[in-house]
Amino acid sequence: MHFIILAEDKPNSLDLRLASRPDHLDYANKRGCVMLAGPLLTEGSEPKPRGSMLIIDVKDKEAAKDFAANDPYAKAGLFVKVDILPWMPAINAWITPKT
């Protein structure tokens, strides 16, 4: 089942994000459930990360919560808010389920 994880960074946390990024990327790659991911950006001529968006393919919502809670970004205290939403590919559905 697919879930979207939307996470909002705490204010003034770019340094924490950058310091945690290598561990976050390693975690996401090793878990093998991330279908698509990337930072949410601020608007303007020099966009900066302000959060994260991931689409993951896991067994159920509990597995999605576990994935989000164990992300090094979350463990570092980067996020002020995290939403986990069930999602279904529809238009241009290039994502194929693994579960």
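None of the figures in this text is laboratory data; all of them are computed from the coordinates on show. Keep in mind that this is a model prediction, so the values were computed, not measured. Ideal geometry is used to build each Cβ from the backbone, glycine not excepted, and the neighbour counts take in all protein chains shown.
Figures for the structure shown
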quantity: Extension gain (nm, one decimal) between residue 6 and residue 91, 0.36 nm per residue minus Cα-Cα; calculated: 28.6 nm
quantity: Average Cα contact separation per residue, the chain, under 8 Å, 6 or more apart, as relative contact order %; calculated: 47 percent
quantity: Per DSSP, loop chymotrypsin sites (Phe, Trp or Tyr not before Pro) in the range 1-85 with at most 15 further Cβ within 10 Å; calculated: none
quantity: Net dipole in debye of the chain [+1 Lys, Arg Cβ; -1 Asp, Glu Cβ; about Cα centre; nearest 20]; calculated: 140 debye
quantity: Computed [θ] at 222 nm, deg cm²/dmol, the chain (DSSP H ≥ 4; -39,500 (n - 2.57); rounded to nearest 500); calculated: -9500 deg cm²/dmol
quantity: Where labels lie 7 Å past Cα in the beta-carbon direction, separation of residue 70 and residue 31 in nm; calculated: 0.8 nm
quantity: Isotropic mean projected area of the C-alpha convex hull, the chain (nm²); calculated: 6.7 nm²
